[in-house]
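The values are calculated or read from the model by the stated rules, or taken from the named source; none is laboratory data. Note that the coordinates shown come from a computational prediction; the quantities given were computed from them, not determined experimentally. Glycine also receives a Cβ, built like all others from the backbone with ideal geometry; neighbour counts cover every protein chain displayed. For accessibility, only protein heavy atoms count, side chains too; no ligands or nucleic acids. Shrake-Rupley method; radii C 1.70, N 1.55, O 1.52, S 1.80 Å.
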Amino acid sequence: MAYVLVLNSGSSSIKFQIVDPTASAADTPFVSGLVEQIGEPSGHIKIKIEGRAVESSMPIRDHRGGLQLAIAMLDANGAGPTQVEIIAVGHRIVHGGQTFSEPVLIDDTVVEQIRDLIPLAPLHNPANIDGIEVARALLPNIPHIGVFDTGFFNHLPANAATYAIDAEVAKEQKIRRYGFHGTSHEFIASQVPDLIGKPLEETNQIVLHLGNGASVSAVRGGQPIDTTMGLTPLEGLVMGTRSGDIDPGVIFHLYRQAGMSIDEIDNLLNRGSGVKGIAGVNDFRELHTMIEEGSAEAKLAYDVYIHRLRRYIGAYMIALGRVDAITFTAGVGENDSQARADALANLEGFGVKLDEAKNAERGDARIISTDDSATKVLVVPTNEELAIAQKSAQIAQGA
Ligand code: ADP
């Protein structure tokens with residue numbers, strides 16, 4: 001079996017999977033692992049190999065140390081890179097700016113190009129580069145491929161990509177709407193046409209990626225024409241801990257009137273807002289329990305979340321003109337039948353009719369609208385690691 005090692009390197013953690021690129025989205029990966037608390041006294045590594053968990057705690061000095069320890073643990077369990085065939089290492093990279101639309105074979109020049117994009121993703125890209133450098137040093141004979149979260153949206157039409165601010169400032173600072181979760185939106189958008197029996201080129205669709213982070217895209221003939229995230233993943237929907245759209249005046253107000261620093265405001269809007277900001281929890285399972293127990297805050301958080309989501313569904317229906325499919329994916333989208341029903345309630349006049357029984361069922365990729373619904377509604381599980389593995393295997397095999 002030929003596998004791809006998929007690496008998602010964050011500032012204090014490394015998530016990884018060893019994936020069969022020919023697997024289906026619902027399959028459990030051969031290996032999944034997490035190196036946590038890098039740089040702290042209390043480092044931790046958790047690995048699952050074919051469902052069997054192995055764990056270890058020790059201080060982990062840096063990314064190099066973390067990946068070395070993880071590889072040693074894999075080796076000790078018969079799943080190391082010399083024991084199983086790894087044909088590529090696929091790196092999830094957050095920001096590809098306008099430089100990268102497609103996955104790319106990583107060489108020194110590519111690393112420098114990713115470094116040049118650090119001002120656009122000051123927390124994420126440096127951690128991604130750390131991961132690339134360490135992995136290339138430890139696994140020098142395997143092709144390394146970069147897959148960009150922004151890539152799918154790189155050719156958004158100018159009307160959707162442009163912020164209406166001073167054009168010179170925007171150009172100089174590279175301020176535009178980049179979009180994120182691109183790997184997931186593309187993965188879902190490419191599967192829907194088969195499921196509804198239409199060619200991709202003729203399919204108009206709305207993809208709702210509703211995880212802890214959340215975004216919507218409008219895709220015409222396989223090409224995105226709009227998406228809700230912008231310069232950063234903060235724009236758009238209400239999310240687990242992020243505010244999504246707010247009046248930029250709120251930032252000036254917090255700075256001038258509340259005396260908050262820019263870092264404090266950044267933290268408030270990214271980590272202390274969204275559903276958590278209103279209700280105190282960001283997990284939708286807890287949110288529903290709180291609502292059942294009568295919490296007004298939880299109900300308000302849910303209502304604000306659904307209201308924003310419906311606002312974008314409406315906007316993208318108009319942008320597309322005709323909508324063949326609306327697809328729910330990621331943690332909330334795949335599991336929360338109540339949120340799906342509320343997001344699409346009372347849209348019969350627009351040709352969207354959910355089938356209550358089908359919506360309540362659990363399962364793999366499926367249609368949950370009525371047979372006579374002009375717009376098909378679907379649930380399709382996303383699997384970003386598998387998508388990265390597929391793209392990386394393609395490039396490695398062609399390389
Ligand atoms: P991430 O954006 O971190 O990749 P996921 O796509 O895994 O997140 O989504 C995680 C979120 O999915 C959780 O915070 C929770 O709100 C939601 N979720 C997961 N399972 C369920 C469920 N059974 N019912 C409702 N919401 C769920």
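Values for this structure:
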quantity	calculated
Number of positions in region 157-194 that are crowded, with 16+ Cβ neighbours inside 10 Å and of a type in the set (Val, Ile, Thr)	4
Region 384-399: number of residues that are open to solvent by 50 Å² or more (accessible area, probe 1.4 Å) and hydrophobic (A, V, I, L, M, F, W, C)	1
Selection within region 301-314 - closer than 30 Å to Gly221 by Cα, open to solvent by 50 Å² or more (accessible area, probe 1.4 Å) and out of contact with any helix residue (DSSP H, G or I) (no Cβ under 7 Å at 6 or more places or on another chain)	His307, Arg311
Given (1) surrounded by 20 or more Cβ atoms within 10 Å (Cβ to Cβ); (2) of a type outside the set (Val, Ile, Thr); (3) modelled with pLDDT under 95, number of the condition Gly65 does not satisfy	(1)
Given (1) surrounded by fewer than 18 Cβ atoms within 10 Å (Cβ to Cβ); (2) of a type in the set (Val, Ile, Thr); (3) closer than 22 Å to Gly331 by Cα, index of the condition Ile251 fails	(3)
Criterion: open to solvent by less than 30 Å² (accessible area, probe 1.4 Å), out of contact with any His (no Cβ under 9 Å at 6 or more places or on another chain) and either over 17 Å from Ala387 (Cβ atoms) or in a helix (DSSP H, G or I) (or both) - qualifying residue of Ala79, Ala72	Ala79
Members of region 91-122 that are part of a loop (DSSP other than H, G, I, E, B) and surrounded by 15 or more Cβ atoms within 10 Å (Cβ to Cβ)	Val94, His95, Gly96, Gly97, Thr99, Phe100, Ser101, Pro103, Ile106, Leu117, Ala121
Residues being outside any strand (DSSP E or B) and open to solvent by less than 70 Å² (accessible area, probe 1.4 Å) - total across region 316-352	23
Scope region 281-300; condition more than 11 Å from the ligand (Cβ to nearest atom) and open to solvent by less than 50 Å² (accessible area, probe 1.4 Å); matching residues	Met290, Ile291, Ser295, Ala298
Of all residues making up region 152-207, the number that are of a type in the set (D, E, K, R) and at pLDDT below 95	0
Qualifying residue in region 307-316 (condition: among the aliphatic types (A, V, I, L, M), modelled with pLDDT of 95 or more and away from the ligand (no atom under 14 Å from the Cβ))	yes
Qualifying residues in region 194-230 (those that are assigned to a loop (DSSP other than H, G, I, E, B) and among the hydroxyl-bearing types (Ser, Thr, Tyr)) - the one farthest from the ligand (Cβ to nearest atom)	Thr203
Of all residues in region 362-383 being acidic (Asp, Glu) and at pLDDT 95 or above, the one that is least open to solvent (accessible area, probe 1.4 Å)	Asp372
Qualifying residue in region 361-374 (condition: within 16 Å of the ligand (Cβ to nearest atom) and either of a type in the set (S, T, N, Q) or closer than 20 Å to Gly236 by Cα (or both))	no
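Per-residue answers, yes or no, for (1) touching a residue at least 24 places away in the same chain (Cβ under 8 Å); (2) closer than 26 Å to Phe152 by Cα:
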site: Leu208; (1), (2): yes, yes
site: Ser217; (1), (2): yes, yes
site: Gly221; (1), (2): no, yes
site: Pro224; (1), (2): yes, yes
site: Met239; (1), (2): yes, yes
site: Gly244; (1), (2): yes, yes
site: Ser261; (1), (2): no, no
site: Ile265; (1), (2): no, no
